[in-house]
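Participant: This is the structure I want to talk about, given as C-alpha cells.
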Amino acid sequence: MSEKMKPPGRTKHDGLTLLGNSRAGFPESPEKARLETFPNPFPQRDYRIRIDSPQFTSLCPVTGQPDFAEILIEYIPDQRCLETKSLKLYLASFRNVRSFNEQVSNRILDDLVRACQPRWMRLEAKFAARGGLSLSVVVEHPNPGAPVRASNSV
C-alpha cells in the first residue's frame, strides 16, 4: 500500500522519536537517555533476539579510568521489542558514569526489563582485562533462582 493510500491515524511506529532522527545525540547520562520500544510482530511465539555491543565504556568508580566491555543481550520479547538506535544511545550514555562492573551490568538489565518487559532476558558484560584480570558479569531476568549463599569467610 502506498503512503498516499494508508489510512490516517496512528501507526505501529508512533512513539519512536530517535530512529531516523539525524539530530538525536548522545545523552549526557543514563537518566537522560530514552529507551524506546515497538510492538512485537509475533507475540504468540517465543523467539530470541540477540544484540551485541562490542564498544561499551564506563568509568572505574575509584580511579576514573575507562572500563571497556562487550555487552551481549539476549531476550525473548513479550509484547514489546527494544528499538536498537535508542539502545545504542542508552549504552553510550554510560561513558562518563563511575560504576563497578557488577553495578552497571545489573542496572542495564533492570532498565531494559523495565522498558520492554520481556518473557526472559540475559545480559553478559565481558570487561577487558585490567591488571591482568578480565571480568564477566552475567545477569538474567527473571532471576533463575538464588544460589545457596556461601559464607563470607575464605
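Participant: Around residue 59, with a cut-off of 11 angstrom between Cβ atoms, what is the net charge of the other residues, counting Lys and Arg +1 and Asp and Glu -1? Provide the component values of the computation, followed by the final result.
Facilitator: Details: positive: 95, 98; negative: 67.
Combined, the nearby Lys, Arg, Asp and Glu give +1.
Participant: What number comes out for the charge environment of residue 138, summing +1 per Lys or Arg and -1 per Asp or Glu over other residues with Cβ under 13 Å away?
Facilitator: With Lys, Arg at +1 and Asp, Glu at -1, the net is -3.
Participant: Here's something else I'd like to know. Hey, with R₀ at 41 Å, roughly what FRET efficiency would residue 129 and residue 79 work out to, going by the Cβ-Cβ distance, to 0.05?
Facilitator: 0.55
Participant: Taking H as built 1.01 Å from N, whose amide H comes closer than 5 Å to the amide H of residue 67, not counting residues under 5 places away?
Facilitator: So residue 67 has HN proximity to 58, 59, 60.
Every read-out reported here was derived from the displayed coordinates using simple, explicitly stated rules and does not represent laboratory data. On a predicted model such as this, the values are computed, not experimentally measured, just so you know. All Cβ positions, even for glycine, are placed from backbone atoms using ideal geometry, and neighbour counts span all protein chains on display.
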